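What follows is a short report on a single structure.
What follows draws every value from the coordinates through simple rules; no lab data is involved. On a predicted model such as this, the values are computed, not experimentally measured, just so you know. Note that each Cβ is placed from the backbone with ideal geometry, even for glycine, and that neighbours are counted across all protein chains shown.
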Amino acid sequence: MTDPAPLRLAFMGSPDFSVPTLNALISAGHDVVCVYAQPPRPAGRGQKERPCPVHAAALDAGIEVRTPKSRKTAEAQHDFAALHLDAAIVVAYGLILPAPILEAPKLGCLNVHASLLPRWRGAAPIQRAIEAGDTETGVCIMQMDVGLDTGPVLARSAIQIAADETAGELHDRLSVLGAALLGPILAAFATGEVTPTPQSEDGVTYAHKISKDEGALNFNAPADTLVRKVRALTPWPGAWFQTGDQRIKVGAVEVAPGDSSKAPGTVLDDTLRINCAEGALRPTLLQRPGRGMMETDAFLRGHPMPVGTILGERG
C-alpha cells in the first residue's frame, strides 16, 4: 500500500490540548500552510502579551500564524478561501466558524472533540464528564457544521475515566488520543473510504463553559458530589473553601464517614474531616494564598482548624 498523498491544511487551535494534533499533522508530512490561533493575551506578573501554546508551536515549526479576533468579516473569509485548502483541522480553537469558513476547504473542516458525541457538546466536555460521574469518555473526529458540535462523526475512540482522575490528567490522555485517531481517519476521509455518520438525537448533553466562581465548595452537598467537583476543577480554576478571610484551595480530597448530628461544613476531627450533607470530605492536599500546595497534616501544623470549626458555604 502506498502512503496517502499529503494534504494542504490549515490548523485552528489554541490551548495545550491542541498541540499534539498539530505536531502529528506536521510529522505525517501534511502541508500545514497556516495556523489560526487566539490572539496573544497578557500573562504573568508583568502582564506581557504571550502567544497561546498552538501559536508558539507553529512559530517553532516555521508556520505562518494568523490571530483574527473574528472569522465573520468578509476580509477574514476571503483570506481563508485564498489558501485553497484540502481541509481545515480544528482542535479547541475557541471561535465560532461561520458557514463560509466551514465550506471553503474541499473536504470541509474536521474537529477533534474530547467527548463521545452527542454527549457533552460544548466548551468543557472533560470537566463536565468528571463532574457528572461518567465512567467513560473519549474523542470524536467530527465534520463540522454551523451547529454547536452537531456535525456528523467520522470516528470515535473511547477510554475509561479512572476513579481518582483529575481533569488535568484526563485532558492529557485525550489530547494524545485525539492526535493518534485523526491521522488515519483524515487519510481515509480524503480517499472516500470513511463516510461521516449523523449524530443520534438521543443522549444530547451540553458541557457549559467553566467559570472561576464554580470552585466554591458548598458542604451542603453530598461528599461524593464534591469529590467529583474537586477532580473536575483540578488544575483550573481549582476548588476551594473559605475559612475566616482566607480562601483555601483543595488539590485532592477523599470521602470519609460523616456525622448526621453535625452541621455541614463542621470540622469533625484533627485530620480535617469536614462534614457534608451526606458523608464527609477529608482533603489530602491544601494550599493557602501565596503558598504552595502541601499535604494536609503539614498544612494543619501551620494553620490549625480546630474540631467544631465550620467552614465554607453551607446554604
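Just a few scattered comments:
- For the chain, the number of Lys pairs with C-alpha atoms closer than 15 Å, counting only pairs eight or more positions apart or on separate chains, is 4.
- Expressed to the nearest 5 percent, the antiparallel share of DSSP beta bridges inside the chain is 60 percent.
- Of the DSSP H helices in the chain, those with a Cα length along their own long axis of 20 Å or more and a mean Kyte-Doolittle hydropathy reaching 0.0 comprise 167-190.
- DSSP bridge orientation in the stretch 1-159 - percent antiparallel, rounded to nearest 5: 45 percent
- Farthest toward the positive end of the dipole of the chain, out of Ser211, Phe80, Gly192, is the Cα of Ser211, where the dipole comes from beta carbon charges about the Cα centre.
- Legend: calculated FRET efficiency, Glu136 to Val176, from the Cβ-Cβ distance at R0 = 22 Å, rounded to 0.05, equals 0.80.
- Counting only Cβ charges, +1 for Lys and Arg and -1 for Asp and Glu, the dipole size of the stretch 95-178 around its Cα centre is about 320 debye.
- Entry for Cα extents along the principal axes in Å (calculated from the structure that is shown) out of (i) 108, 50, 33; (ii) 68, 47, 36; (iii) 68, 47, 31: (ii)
- Calculated mean residue ellipticity at 222 nm for the chain: -7000 deg cm²/dmol, from DSSP H runs with n ≥ 4 weighted as -39500 (n - 2.57), summed, divided by the residue count and rounded to 500.
- Protection proxy ranking, peptides 179-187, 292-300, 211-219, 11-19, average beta carbon neighbours within 10 Å, highest first: 11-19, 179-187, 211-219, 292-300
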